[in-house]
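No lab work stands behind these numbers, since they all come straight from the coordinates. Not measured: the values here are computed from a predicted model. All Cβ positions, even for glycine, are placed from backbone atoms using ideal geometry, and neighbour counts span all protein chains on display.
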Amino acid sequence: MRTTIRLVVLMLGFVAANVAADDNSPLVDRAASPQPKAAPQSPPRKQLFSGKVIFLRESLRRRGITAFSEFDKQVVLETSAGELIPIVPNWRGRAFYQDEKLRHRKVDLVGSRRQGVPYLQVLMVFTFDNKGLRQYTDYWCDICSIPMYEIKPCDCCQGSTRLRFQTRGLPAYLTSHQRRPKKPSTAKAVGVDSKQAGPSAADK
C-alpha cells in the first residue's frame, strides 16, 4: 500500500514539473504576449500607364505562347515597351472587359499597382482619337447629367447611357509641367446600349 502511495506521489510530482515547464513554452508565451501590429501600408502611388488594352490570350498568341480558354476574358494593358499589365475589373477597369470600343486603341490610364501585385487598378481612363487628341473617357446619362464608369443603366433614372469623350489634360498630380489643351472643353459621344450591361458595380 505504501509503495502504491509513493508511486502516486512521484507521478503527481512529475506531472506538476511538466506543467511548470509548459508554462515557459513558446505557445504559452505567444498567447500571453501581445502580437506586434503590422506596419500600416502607405497608399500606392498614382502613375500614368500608356499602351493598348487587349485580351491576354491574344497577346500571348502573338508571342508564341499557347494558352487555353481560361484566359479568354482577361484583359491586359500592352505597353509600348511590350510589357503586359493585367487590369483589375474594378469600378473603373471593368469597362475594358465590357466595351470593345475601349480596346485596341491607344490609351493613357491613371492608376496604381501595389508592391508584389502585377494587377493595375485603374482610376482614370484617357483614350486618343484618330488625330492623336487625348480625351477623358466615361459614360454619361443625358437625362440625369451624371457620369457612369461602365456599361449599365443609369443609377438614377435607369435609362440608357452613352460613351463620352471630353478633351482634357492629365491630372496635375501626375505632371504639372504638361501643357493643357488650348481649345475649350468639348464632348462627343457614341451611343451605348445599356441592355448589354452586366451587374452593377459601386461607383467611387
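When Arg113, Arg164 are ordered from fewest to most other Cβ atoms inside 10 Å of their Cβ, what list results?
Details: Arg113 16, Arg164 20.
The most exposed by this proxy come first: Arg113, Arg164.
Take a quick pass over segment 47-196 and tell me how many lysine pairs come in under 21 angstrom between Cα atoms, counting only ones 8 or more apart or on separate chains.
19
Using a Förster distance of 25 Å, how high is the FRET efficiency between Thr66 and Leu174, based on the Cβ-Cβ distance and rounded to 0.05?
Efficiency for this residue pair is about 0.10.
Tell me, what is the FRET efficiency for Gln74 and Gln158 to the nearest 0.05, using R0 = 30 angstrom and their Cβ-Cβ distance as r? Kindly include the intermediate steps, with their values, before the conclusion.
Details: r = 30 Å, r/R0 = 1.00.
Given R0 = 30 Å and the Cβ-Cβ separation, E is 0.50.
Please report Glu78, Glu150, Glu58, Glu83 as a ranked list, fewest other C-beta atoms within 10 angstrom at the top and most at the bottom.
Details: Glu78 19, Glu150 24, Glu58 16, Glu83 12.
Ordered by Cβ neighbours within 10 Å, fewest first: Glu83, Glu58, Glu78, Glu150.
Report the percentage of all Cα-Cα pairs in segment 47-196 whose separation exceeds 28 Å, rounded to a whole percent. Walk me through the numbers before you get to the answer.
Working: 2480 of 11175 pairs.
So the pairs more than 28 Å apart make up 22 percent of the total in segment 47-196.
Averaging sequence separations of C-alpha pairs under 8 Å and six or more residues apart, then dividing by the length of segment 47-196, give the relative contact order as a whole percent. Mind showing how you got there, number by number?
On the way: 300 pairs, mean separation 25.6, N = 150.
Reported as a whole number, the value is 17 percent.
Considering amide H positions built from the backbone, and no H for Pro or chain starts, which residues 5 or more places from Ile146, or on another chain, come under 5 Å of its amide H?
Long-range HN contacts for Ile146: Cys141.
Quick one: Karplus J couplings for segment 130-143, per residue in order, coefficients 6.51, -1.76, 1.60, θ = phi - 60°, nearest Hz, x for Gly and Pro?
6, 9, x, 7, 6, 9, 5, 10, 8, 10, 9, 9, 6, 6
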